[in-house]
1. If you filter the range 8-87 for chymotrypsin sites (Phe, Trp or Tyr not before Pro), then keep DSSP loop positions with at most 13 other Cβ within 10 Å, what is left?
2. Quote the charge dipole size of the range 32-124 about the Cα centre in Debye, to the nearest 20; the model charges only the Cβ of Lys and Arg (+1) and of Asp and Glu (-1).
3. Could I get the Rg over Rh figure for the range 32-124? Both from C-alpha atoms, Rh via Kirkwood, rounded to two places.
4. Determine, for each peptide in 78-87, 31-40, the mean count of other beta carbons within 10 angstrom over its residues, then list the peptides with the highest first.
Amino acid sequence: MLEPDPKLRLTAKQVLEHPWLQNAKKAPNVPLGDVVKSRLKQFSMMNRFKRKALRVIAEFLSVEEVEDIKVMFNKMDTDNDGIVSVEELKAGFKNYGSQLAEPEVQMLIEAVSVFWFTLCHKLTSIM
């Protein structure tokens, strides 16, 4: 269901027929508890805060800075699919002399996706 490539992704019919969804109807309704609910809410709020903070940062970049980031993104996107995968990001950092641990790379990918969306929006509004 989460496969980005539409050729490999399950169809809507296949998803609806998947045992995971079929068994969901039989799952017991167990309350999560106040602690779990509170932590889920905190996690959700933090993600919203991060997205908004990155959007604010992106809005203050100059056109030249945005272009530099675009050039770097395109260098890292070696298969030219418009997405920098974990492997492409790792290779890009290695090529430019930086070593990051896997959790740091994953965190960067999440941050960059929001940041890139905002930058692309800014670029299209300028042009």
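1. In loop regions of the range 8-87 (DSSP not H, G, I, E or B), the sparsely surrounded chymotrypsin sites (Phe, Trp or Tyr not before Pro) are F60.
2. 640 debye
3. Result for the range 32-124 is an Rg/Rh of 1.06.
4. 78-87, 31-40
Each value in this text was obtained by applying a stated rule to the coordinates, not by laboratory testing. Because the structure is predicted, anything quoted here is derived from the model rather than measured. Cβ: placed from backbone, ideal geometry, glycine included. Neighbour counts: every protein chain shown.
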